[in-house]
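Report on one structure; see the data block that follows.
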């Protein structure tokens with residue numbers, strides 16, 4: 001067959017034994033938690049969609065305060081399928097954050113971070129931070145009213161970090177206020193720095209996953225002492241299932257983009273006051289809502305500073321969980337860390353809901 | 001500690017203790033003035049009415065009503081004194097007051113007319129920028145009509161008492177109270193405040209033109225200007241009313257017997273036909289704009305981007321505003337030069353809106369087609385997965 005001849009030609013020049021091993025011998029455990037294995041691949045698929053649609057958008061987008069809004073408007077109205085590419089890019093970003101959160105918490109609750117996969121977890125957490133930064137930086141680029149004020153509020157929060165806050169705020173904004181300088185650097189961050197970091201860290205993350213295989217939850221591992229774990233070949237069985245999920249995601253994206261196209265809104269006016277009920281994108285709402293509830297002063301401390309430090313500590317906890325959870329490292333049940341994880345999920349869910357349902361939240 | 005306040009706050013007679021309760025909100029107190037600065041007397045003579053009320057110490061007591069302007073004017077008409085508090089503040093209020101109907105009648109001995117405290121309150125006088133002040137733009141109409149809407153109180157003066165009732169129907173009142181635009185006209189805007197006098201027939205257009213300058217200029221060039229003057233009819237008010245100035249509509253030009261035009265012009269006269277022609281141009285444009293807005297709103301709610309056609313429609317809306325102002329010049333040709341191109345813009349916008357709705361249907365059809373394609377792929381994948389699983393791939 002022609003395919004075999006092409007493969008033969010390549011094998012004479014490049015060692016494909018690693019790829020062959022992946023395709024012919026890699027297996028995926030089959031148990032009642034297998035469903036969670038698909039979310040990493042789903043996040044990767046949505047990221048690829050982001051890259052493709054993002055590249056298409058750069059053909060028309062202009063990263064200056066004077067032209068950004070108009071260039072997006074031109075894209076939406078005059079460029080063939082420009083509306084579709086833009087809407088898919090915006091919806092896919094939100095879906096990617098959602099699948100990434102599911103992936104993160106499913107990995108956490110199945111304790112897949114335990115030895116020998118600590119580095120995989122750390123690279124995953126770094127990717128989580130990068131994706132949130134992608135979302136934050138990309139949100140400003142249309143330069144509309146919501147984006148402008150969301151960025152203003154978000155960078156104000158960065159300014160509250162002790163010691164480095166002021167410098168951090170000026171670095172993020174390119175000055176004291178959100179201006180065209182902020183837009184330019186957010187654009188550079190969004191299309192150059194973050195993709196480069198993602199390439200490096202994602203590459204490492206995927207390499208580690210392929211090297212170490214899929215983690216099996218501790219309860220399944222313990223049960224396998226009595227009965228061996230069922231497996232399925234990575235190729236074609238797992239890959240076909242992945243592909244199935246990806247096509248479902250594609251259908252959902254197409255439907256969302258066509259029926260609920262992403263709004264452009266009004267052009268940013270730095271002299272206007274912030275619209276009532278302004279809030280960030282949904283994945284930041286739980287933090288935003290928490291800060292609203294913290295009193296201005298808590299004892300001798302500034303309430304906002306305490307809140308931001310709290311989030312920092314929470315993030316650090318998650319990053320270091322493989323090194324903190326000694327019981328999981330020994331292969332023992334770790335109920336404390338499981339309940340902490342459930343608590344974090346409930347906190348995020350409840351405070352996100354409050355951000356939309358509480359009075360003054362609409 | 002202050003002898004006046006200390007004593008008066010404990011007095012049983014309400015009219016004597018009331019000032020102490022009220023001064024908490026007084027702007028004079030905020031600026032450091034106390035009872036003795038207006039009423040004289042000795043504010044350090046505690047528990048000693050004779051000493052605190054001593055004429056030798058300049059005690060003036062409660063001034064007579066006809067003396068109130070001079071009482072307040074003691075300070076407010078003294079530029080050297082007032083510039084200590086505000087160098088820009090006017091000091092001619094009392095002089096102006098005596099040019100007003102209120103001031104003239106007070107000098108004639110009529111104590112029922114308004115004096116300073118009638119409008120500014122007493123002991124709880126607030127700064128004019130204070131929203132609770134009786135003279136704050138949103139509240140001043142109620143202040144004036146405390147007397148002017150009281151039919152029994154105003155009986156002797158034989159002037160109408162329905163001004164507030166009419167004013168509340170007006171567009172000026174709506175803009176002032178509902179939109180919070182404090183530049184909208186209220187009683188002093190047209191009548192003056194200290195020198196309050198209703199504008200005369202020959203000067204009311206000057207009053208309206210302070211805000212409606214462009215329209216007044218057009219009217220001044222029209223045939224109506226001379227005609228109204230000859231007939232002794234006030235400009236602006238003849239068609240638009242004075243207190244009950246309603247939001248003007250194109251129907252004012254309809255020429256029916258209840259319309260202002262019919263006051264002077266015969267039904268079916270050439271002038272009324274002209275008015276009707278103007279009305280038709282304006283209404284055609286207004287309808288065109290409404291149709292364009294409706295279809296753009298539909299498209300927008302369906303998720304289409306309507307920014308550019310909405311922006312283009314602004315030109316048509318501006319033209320309608322200009323054309324409506326031009327009715328005061330009453331030249332059909334000039335109005336047509338404004339409305340005709342604007343109608344074309346409105347029609348183009350309607351077309352763009354229709355194109356957007358067509359595009360929407362196109363998107364939905366292709367979405368359905370692509371979803372069918374995706375569904376077909378999913379079915380194919382489903383069977384392929386079953387096949388590879390059966391082949392013994394799932395261990």
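The values are calculated or read from the model by the stated rules, or taken from the named source; none is laboratory data. Everything numeric in this text was worked out from a predicted model, so none of it was measured. Here the Cβ positions follow ideal geometry from the backbone for every residue, glycine too, while neighbour counts run over all protein chains shown.
When B:183, B:203 are screened for being loosely packed, with under 14 Cβ neighbours inside 10 Å and modelled with pLDDT of 90 or more, only B:183 passes. None of B:246, B:338, B:252, B:282 is within 30 Å of residue B:145 (Cβ to Cβ), touching a helix residue (DSSP H, G or I) at 6+ places or on another chain (Cβ under 9 Å) and in a helix (DSSP H, G or I) except B:252.
The residues on offer are A:37, A:69, and the sole one that is touching a strand residue (DSSP E or B) at 6+ places or on another chain (Cβ under 6 Å), crowded, with 19+ Cβ neighbours inside 10 Å and outside any strand (DSSP E or B) is A:69.
Take residue B:323 and decide whether it is surrounded by 16 or more Cβ atoms within 10 Å (Cβ to Cβ), more than 14 Å from every other protein chain (Cβ to nearest Cβ) and either under 31 Å from the mean Cα position of the chain (by Cα) or not in a helix (DSSP H, G or I) (or both). It is true that residue B:323 is surrounded by 16 or more Cβ atoms within 10 Å (Cβ to Cβ), more than 14 Å from every other protein chain (Cβ to nearest Cβ) and either under 31 Å from the mean Cα position of the chain (by Cα) or not in a helix (DSSP H, G or I) (or both). Restricted to segment B:303-319, and to residues there that are under 26 Å from residue A:84 (Cβ atoms) and surrounded by fewer than 17 Cβ atoms within 10 Å (Cβ to Cβ), the residue that is farthest from the other protein chains (Cβ to nearest Cβ) is B:312. Among the residues here, residue A:284 qualifies as more than 10 Å from chain B (Cβ to nearest Cβ) and under 20 Å from the mean Cα position of the chain (by Cα). For segment B:241-266, the tally of residues that are without any contact (Cβ under 8 Å) to a residue 12 or more places away in the chain and either within 17 Å of the chain's Cα centre (by Cα) or within 17 Å of residue B:329 (Cα to Cα) (or both) stands at 2. When residue B:356 is tested against (1) within 17 Å of residue A:82 (Cα to Cα); (2) not assigned by TED's automatic domain parsing to the domain that holds residue B:302, only condition (2) is not met. Per the listing B:367, B:360, the residue uniquely within 30 Å of residue B:320 (Cβ to Cβ) and modelled with pLDDT under 95 is B:360.
For segment A:305-326, state whether one or more residues are part of a helix (DSSP H, G or I) and touching a strand residue (DSSP E or B) at 6+ places or on another chain (Cβ under 6 Å). Yes, segment A:305-326 contains at least one residue that is part of a helix (DSSP H, G or I) and touching a strand residue (DSSP E or B) at 6+ places or on another chain (Cβ under 6 Å).
Of the residues making up segment A:242-263, those that are outside any helix (DSSP H, G or I) and out of contact with any helix residue (DSSP H, G or I) (no Cβ under 6 Å at 6 or more places or on another chain) are A:260, A:263. Filtered by the rule that a residue be surrounded by fewer than 13 Cβ atoms within 10 Å (Cβ to Cβ) and either farther than 30 Å from residue B:283 by Cα or at the interface with chain A (Cβ under 7 Å from one of its Cβ atoms) (or both), segment B:349-366 gives B:361, B:362, B:365.
Between residues in segment A:73-95 that are farther than 22 Å from residue A:249 by Cβ and at the interface with chain B (Cβ under 10 Å from one of its Cβ atoms) and residues that are assigned to a loop (DSSP other than H, G, I, E, B) and at pLDDT 90 or above, which pairs lie under 6 Å by C-beta distance while being six or more apart or on different chains? Listed pairs, sorted by first residue: A:75/A:60. Checked against the criterion of being farther than 17 Å from residue A:257 by Cβ and either within 14 Å of chain A (Cβ to nearest Cβ) or surrounded by 12 or more Cβ atoms within 10 Å (Cβ to Cβ) (or both), the candidates B:369, B:346 yield just one match: B:346. Screening residue B:330 on (1) more than 10 Å from chain A (Cβ to nearest Cβ); (2) at pLDDT below 95; (3) surrounded by 14 or more Cβ atoms within 10 Å (Cβ to Cβ); (4) closer than 19 Å to residue B:305 by Cβ shows it passes everything except condition (4).
Restricting attention to segment A:210-234 and to residues that are in a helix (DSSP H, G or I) and crowded, with 18+ Cβ neighbours inside 10 Å, the residue that is farthest from the other protein chains (Cβ to nearest Cβ) turns out to be A:218.
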